[in-house]
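In what follows, a single structure is set out as structure tokens and then discussed.
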Amino acid sequence: MYGKGDYGSANVVEFFIHNNIGNIDARYPTSPWCNPLHFAASVGHYDVVRVLLDNGATETPEGRAMNKSPLSTALNHNHTEIAALLTLHGFTA
């Protein structure tokens, strides 16, 4: 969410998504090296990850950043609760 998810507030991210502010699409990269789900997973924003998942973030080739899955990103940063949430949603490393 680079630019949006870095706020760390799930309420802000949800507001942006539901009001089409900032052209956030939970499913696709917002830059060549990062997407909203990866950024939130890498910095440990559990509630933002949950909001993104609730709003359509899925594991797709388009959803990978730098050839890494959001789950592997969470694991690499020792965010085990986020890793567990992503696993429950069917993500793989």
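Only the coordinates and a few stated rules stand behind these numbers; no lab work does. Here the structure is a predicted model, which is why all the values come from computation and not from measurement. Glycine also receives a Cβ, built like all others from the backbone with ideal geometry; neighbour counts cover every protein chain displayed.
Here are a few things to note about the model shown:
- For residue 47 and residue 76, the difference between the fully extended length at 0.36 nm per residue and the C-alpha to C-alpha distance is 8.6 nm.
- 5 angstrom amide H check on residue 89, placed H, neighbours 5+ away: none
- When peptides 47-57, 81-91, 67-77 are ranked by their average number of other Cβ atoms within 10 Å per residue, the highest-first order is 47-57, 67-77, 81-91.
- Applying the Karplus relation 6.51 cos²θ - 1.76 cosθ + 1.60 with θ = phi - 60° to the range 42-49 yields 3J(HN,Hα) values of 6, 9, x, 8, 4, 5, 5, 4 Hz, where x marks Gly and Pro.
- The length gained by stretching the chain between residue 55 and residue 12 to full extension, at 0.36 nm per residue less their Cα-Cα distance, is 14.1 nm.
- Cβ-Cβ FRET estimate between residue 21 and residue 89, R0 fixed at 25 Å, reported to 0.05: 0.50
- Local electrostatic count at residue 81 - Lys and Arg +1, Asp and Glu -1, tallied over other residues with Cβ under 12 Å: 0
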